[in-house]
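Taken together, the values in this text are just the output of simple stated rules run on the coordinates, not laboratory data. Nothing here was measured: the structure is a model prediction, and the numbers come from that model. FYI the Cβ positions are ideal-geometry reconstructions off the backbone, even for glycines, and counts take in every protein chain you see.
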Amino acid sequence: MNSHSPTLEGFRTILRRPSFGFAEISWRWSFGAATALLISFSLSEYLETLPVSHLDLLLLKTRQPTLVGQAMAHVFQGSSLRLVHGFIILALGLTVMWIATAALGRAATVNALSGYFHAESDSNQRPKWRLRPLLGLNFFRVAATLAATVGCVAALLLGSAAAPPVNSAPGAAFLVVLAVLLLVWLAWSVVNWFLSLASVFAVVADRDTFGSISAAVDLCRDRTAAVFAAGTWFGLAHIVAFFVATSAIAFPLAFGGILPPAAVAGGVLLVTLLYFAVADFVYMGRLAAYVAIIEFPPTPAKIESRVAPPASEGLAIAPDARGAVDQDETILGDIPLQD
């Protein structure tokens, strides 16, 4: 196993055991479906609470933009506070649900990967793991996402400040917003990646929350080449899948004037789901590469120290001549002392 590349082990794992990818899809898509249902149900309940009078219905039926706008303004008047309250409650509920679901899903997938590599090495000694470190890591991921959201809002505020009403400079405002958004995205990506890598140590090595983060930093420092290679190759695979999906979406959109809108929307949805499935498989392959790096550390090379034979003016000494001693040679101890 040590002679193989962890990156190749990751690709080979998802090809040999596609069940790992389907396991990742199952918990991710289950959470996504539950989120969509909760949002739809919340919006439906919110719309049912809006008062609609007969005059509003009459104005809406006219289909005149001005009258329809007046009717909508009257319908939504005073309901913004309820919408904000509902959004806060929904966001808190989804956050708690994601922390728990992601912890259970990651524990199941990483534990299965660890068992797969232990089976490859004929080792039955697997450390126990706890769920609390994964919950803590996911909480930090949520905190990082919230901080990134605040940073994006700050970028918009900075952009508006850079373009005052008088002597406005829209180009400068756009550059400020773009630069701040790029920095926020890079910072969030690095933190989220480290926390994702730390979750592997929480399962494989039974580390606590901060111990897992420290172990992830140590792994990046000690095995920089292997970690960088795995992240690079699987990142390229993800980018290729994204460009292929983007190109494939153009086919159903090209028939927008011929096919009905439902068929076009179904084609776009199918391509999008296929892209998400491939992305989950690629992510599991990268996770398998990280588990392979952790489970099979490099063995220290056996260094053989060899002393070069002495050589004088290019004359080589034969091996038998270096260690052999002529027994008939007269030595100093055999010479009698002279008075």
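In table form, for the structure just shown:
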item	result
In nm, spacing of pseudo-spin labels at S53 and A154 (7 Å Cα→C-beta vector)	4.6 nm
Alpha carbon centroid spacing (whole Å) that separates the range 210-245 from the range 13-41	22 Å
Packing rank of 273-285, 25-37, where each peptide gets the mean count of other beta carbons within 10 Å, highest leading	273-285, 25-37
Distance in nm between pseudo-label sites at A147 and I89 (7 Å out along the Cβ direction from Cα)	3.1 nm
Relative contact order of the range 164-273, pairs being alpha-carbon contacts under 8 Å that are 6 or more residues apart, as %	14 percent
Which of D218, D206 has the fewest Cβ neighbours within 10 Å, and the rest in rising order	D218, D206
Linear extension gain, F276 paired with V217, 0.36 nm per residue minus alpha-carbon span	18.4 nm
Surface/4 of the Cα convex hull for the range 6-296, nm²	20.9 nm²
Gyration tensor (alpha-carbon) shape descriptor, the range 11-66, a/c threshold 1.5	prolate
Modelled FRET efficiency - R0 45 Å, W98 with V68, Cβ distances, 0.05 increments	0.75
DSSP-loop chymotrypsin sites (Phe, Trp or Tyr not before Pro) across the range 206-258, with at most 12 other Cβ within 10 angstrom	F255
Along principal axes, Cα extents of the range 139-257, largest first, whole Å	58, 43, 26
